[in-house]
1. Sort through 98, 62, 51 and tell me the only one that's touching a Phe, Trp or Tyr at 6+ places or on another chain (Cβ under 6 Å), open to solvent by less than 20 Å² (accessible area, probe 1.4 Å), in a helix (DSSP H, G or I) and over 22 Å from residue 203 (Cα atoms).
2. Condition first: within 24 Å of residue 170 (Cα to Cα) and of a type in the set (Val, Ile, Thr). Can you find one or more residues in segment 113-128 that meet it?
3. Taking residue 24 and the conditions (1) part of a helix (DSSP H, G or I); (2) at pLDDT 80 or above; (3) within 21 Å of residue 149 (Cα to Cα); (4) not aliphatic (A, V, I, L, M), which numbered condition does it fall short on, given that it satisfies the others?
4. For segment 32-48, which residues satisfy the criterion of being buried (at least 19 other Cβ atoms within 10 Å of the Cβ) and either charged (D, E, K, R) or in a helix (DSSP H, G or I) (or both)?
5. Does residue 7 fit the bill of being under 25 Å from residue 92 (Cβ atoms) and of a type in the set (Gly, Ala, Ser)?
6. Taking segment 119-134, which residues are open to solvent by less than 40 Å² (accessible area, probe 1.4 Å), in a helix (DSSP H, G or I) and touching a residue at least 60 places away in the same chain (Cβ under 8 Å)?
7. Just give me the residues in segment 138-189 being over 30 Å from residue 205 (Cβ atoms), among the acidic types (Asp, Glu) and assigned to a helix (DSSP H, G or I), in sequence order.
Amino acid sequence: QIGESLAGRGADGLVVVAFALVAGGFLVKAAVVPFHFWLADAYGVAPTPAGVVFAGGLSELGLLGVARLYWTAFAGVPSAEEVRTALLVLGAITAVVGAVMAFEQRHMKRMLAFVTVAHSGMILMGVALLDPLGVGGAALYLIADGAAKAALFVAIGIVQHHAGNVDEDDIIGACRRLRFTGVGFALTGVALAGLVPFGTALGKTLMEHAAEEAGAPWV
């Protein structure tokens, strides 16, 4: 209905503000900087089943909302170039801030929360290209990344059940017998790093090609 109402209408100030406000709501859901403040605390106290659902895709659904908002309701209003620039900048800042904050963490659930923030930024950049190849890569990356993070949250839950803690400094050497869990940590870590043969590698490659074709090789 919004798309039909705006069809053929110019990008006046009211429409631009409306797009910004609705998109801002979805970006809060996706924990995109500067709206990322809630995610780490929510992940840090979430029980394992809830964390699996959160990490597996709920946060990234906000990015789906942004994509649908633009193509279904506001396509061309405002211009694609303005939307692309704004979302690319937000995505890049989010990816960098999330990565830096993840390195600073010792609490594994909070670390995974900031990894989620960083990867939300990467996916947002794929969506921001406003190109079928970029959006396809972002969708593939989202699915593969969500599955890997959900599996990692399960592994963290096993460690918490075994050691009673998920702070790295407090559990050094406490989980040596959890060999299968250790293998799970290694595999999910490689997947989150976007290495072959995991789906994250293919999704990231597609987004990189789309960025080059869109004239944004810096992505």
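1. Of 98, 62, 51, the one residue that is touching a Phe, Trp or Tyr at 6+ places or on another chain (Cβ under 6 Å), open to solvent by less than 20 Å² (accessible area, probe 1.4 Å), in a helix (DSSP H, G or I) and over 22 Å from residue 203 (Cα atoms) is 51.
2. Yes; the residues of segment 113-128 include at least one that is within 24 Å of residue 170 (Cα to Cα) and of a type in the set (Val, Ile, Thr).
3. In the conditions (1) part of a helix (DSSP H, G or I); (2) at pLDDT 80 or above; (3) within 21 Å of residue 149 (Cα to Cα); (4) not aliphatic (A, V, I, L, M), residue 24 misses (3) alone.
4. 39, 40, 43 - these are the residues of segment 32-48 that are buried (at least 19 other Cβ atoms within 10 Å of the Cβ) and either charged (D, E, K, R) or in a helix (DSSP H, G or I) (or both).
5. no
6. Matches in segment 119-134: 119, 120, 121, 123, 124, 125, 126, 127, 134.
7. Once the filter is applied, which keeps residues that are over 30 Å from residue 205 (Cβ atoms), among the acidic types (Asp, Glu) and assigned to a helix (DSSP H, G or I), segment 138-189 yields 168, 169, 170.
The values are calculated or read from the model by the stated rules, or taken from the named source; none is laboratory data. Keep in mind it's a predicted model, so treat the numbers as computed, not measured. FYI the Cβ positions are ideal-geometry reconstructions off the backbone, even for glycines, and counts take in every protein chain you see. The accessibility values were calculated without ligands, DNA or RNA, using every heavy atom of the protein model including side chains. Shrake-Rupley method; radii C 1.70, N 1.55, O 1.52, S 1.80 Å.
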